[in-house]
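Structure first, commentary second.
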Amino acid sequence: MDSFPKSTVSDTSVHTTLTHIEQKFWAQLASAPGEKENGFQTLTLVTQSDDGPPDARMVVLRQVDAERRVLWFHTDRRAGKVAQLRVHPVATLLFWDRTTQVQLRCRVKAQLHTDDAPADAQWAATWEGSRKMYLSEQEPGSPQPEPYPGFPRELGERLPTRDESEAGRANFAAVACTVLSIDYLNLGRAGQTRARFSYDGDPEAIWLAP
Ligand SMILES: Cc1cc2nc3c(=O)[nH]c(=O)nc-3n(C[C@H](O)[C@H](O)[C@H](O)COP(=O)(O)O)c2cc1C
């Protein structure tokens, strides 16, 4: 996959090929980090929990390596999702883009990066506004006697300086999600289009009934 055509509204005609569809959604994923209007910029991360039904929450797509089919997001290493991913690294990433009317249900294998070179590189590219949340003195999800803003209260609306923000590095984790398969669904007046793309082993693609 050397180059990706810019995505357009999907085509449900019989001439649409699986390759065409695959190139389009990978192109849209690749450009999503930093594109506010791109529905794939945020996604639902679904993890397995040990004490109940699967857990789900929104995260931001931070980087895409389309060649290796790796999707990155960032989180606090003390968060509940990190504990779940340590035990159950196979997770689901669910995307929905309103403009192209495309849902992607991605089965992934998550790899946590905390104190290594990939995490350093992701942290270096993280701006102070995002770093601010990693300055939290309180563990994510821990009970609090009063509302807690998620960073030292004295910061208020101010951004930390680059130097101040470095304290957040100790709490930062970058998560690399290698895509194992994608269930693609496109809604359209002329019909729905559904297909599965498998990457676990030799890549395979197959049409599915919606
Ligand atoms: C639009 C949106 C984007 C979010 N992005 C992230 C993110 O990139 N990383 C993250 O850890 N939490 C993010 N959150 C917060 C999570 O959804 C979640 O509430 C928090 O991380 C705690 O999740 P956990 O207890 O399952 O670990 C985001 C929330 C929203 C609403």
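At a glance:
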item	result
Per-region count, region 167-210, residues in contact (Cβ under 8 Å) with a residue 12 or more places away in the chain and acidic (D, E)	2
Strands (runs of 3 or more DSSP E) wholly inside region 138-210 containing at least 1 residues that are open to solvent by less than 30 Å² (accessible area, probe 1.4 Å) and not acidic (D, E)	172-186, 193-198
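The values are calculated or read from the model by the stated rules, or taken from the named source; none is laboratory data. Since we're looking at a predicted model, the values are computed, not measured. Every residue, glycine as well, gets a Cβ built from its backbone with ideal geometry; the counts of neighbours run over all protein chains shown. Just so you know, the surface numbers come from the protein's heavy atoms only, side chains and all, with ligands and any DNA or RNA stripped out. Shrake-Rupley method; radii C 1.70, N 1.55, O 1.52, S 1.80 Å.
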